[in-house]
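Beneath this line is the structure, given in structure tokens, with notes to follow.
The values are calculated or read from the model by the stated rules, or taken from the named source; none is laboratory data. Since the model is a prediction, treat every value here as computed from it, not as a measurement. Virtual Cβ from ideal backbone geometry, glycine too; neighbours counted across all protein chains shown. We work out accessible area using only protein heavy atoms, side chains counted, and drop any ligands, DNA or RNA first. Shrake-Rupley method; radii C 1.70, N 1.55, O 1.52, S 1.80 Å.
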Amino acid sequence: MRICEQPAWLGTKVNCKVQLPQEWLIITDEQAGLGTYTFKNQIDMGGVFPVVLSVDMLAFPYYEGDVFIDARPGLVDDWQSWDSAIDDGEGMVTVQVRQTDGDPASGTSVWSAWTQFIAGEYVARGFQFRALMDAPPDQNVAIEQLCIIADVTAKQESGADTVWQPSKQRINFLVKFKYVPAVSIAIQNAALGDFFVISNKSNTGFDLELKNSTGAIITAARTFDWIAAGY
């Protein structure tokens with residue numbers, strides 16, 4: 001899953017605006033220095049899942065027009081380039097995230113506090129994002145691209161030496177999968193002709209029947225191992 005804010009930038013803007021014709025997002029008042037952009041788009045995984053989040057952003061220090069040498073801040077020995085003040089720009093963008101285990105479209109969902117976004121694994125259902133734009137006085141920062149990528153991580157659940165109950169047995173996963181996983185079964189102490197039947201498999205669990213060579217439910221003592229793998 002990938003959400004992007006450019007080129008329309010329809011999110012909530014505080015001290016930031018769209019610069020045309022480039023369609024960049026920049027700080028409105030350079031003297032104030034700080035702008036906040038809250039994403040219009042959000043991520044809803046449909047359930048609480050482990051998900052790897054990363055940001056795809058293109059941002060850079062920006063000036064309305066290159067400054068003259070006499071008005072250029074700092075010492076000349078510290079300039080990175082005589083030809084452009086942009087090389088000395090100190091503007092920066094910080095992305096923040098907050099999350100909820102509830103339905104992000106619901107007005108009653110409880111959200112976490114905003115925290116600095118760090119690419120990696122998160123566990124929640126919904127995610128919201130915002131960008132903090134900071135620049136020294138008389139400087140600016142421009143965002144050309146701002147996207148978040150969400151990848152569902154591979155997961156696995158298993159059970160060892162599970163005691164068989166002589167009837168259809170429901171196995172529930174501790175944490176549900178995003179998609180219906182693959183399931184494998186190994187019967188221990190099986191007699192010749194014993195086999196298993198998996199039914200009602202979903203992202204939350206599956207039903208299991210152990211049967212003998214005649215197709216009847218096994219009533220003798222058995223144990224089994226199971227493993228479910230997927231996303």
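Here are the numbers for the structure shown:
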item: Restricting segment 18-37 to residues that are open to solvent by 40 Å² or more (accessible area, probe 1.4 Å) and β-branched (V, I, T), the residue that is farthest from S106 (Cα to Cα); result: T28
item: Within segment 167-193, tally of residues that are open to solvent by 30 Å² or more (accessible area, probe 1.4 Å) and either under 19 Å from V48 (Cα atoms) or touching a strand residue (DSSP E or B) at 6+ places or on another chain (Cβ under 6 Å) (or both); result: 14
item: Scan of segment 198-211 for residues that are farther than 14 Å from Q165 by Cα and open to solvent by less than 60 Å² (accessible area, probe 1.4 Å), ordered by number; result: I198, S199, S202, N203, T204, G205, F206
item: Segment 29-50: number of residues that are on the phi > 0 side of the Ramachandran plot and outside any strand (DSSP E or B); result: 1
item: Enumeration of residues in segment 1-19 that are within 20 Å of the chain's Cα centre (by Cα) and assigned to a strand (DSSP E or B); result: R2, I3, C4
item: Any hit, segment 51-66, residues being part of a loop (DSSP other than H, G, I, E, B), open to solvent by less than 70 Å² (accessible area, probe 1.4 Å) and at pLDDT 55 or above; result: yes
item: Subset of segment 113-125 that is over 30 Å from T28 (Cα atoms) and of a type outside the set (S, T, Y) - its residue that is least open to solvent (accessible area, probe 1.4 Å); result: A124
item: Members of segment 67-112 found to be modelled with pLDDT of 55 or more, open to solvent by 70 Å² or more (accessible area, probe 1.4 Å) and either hydroxyl-bearing (S, T, Y) or within 24 Å of I27 (Cβ to Cβ) (or both), listed by number; result: E90, M92, T108
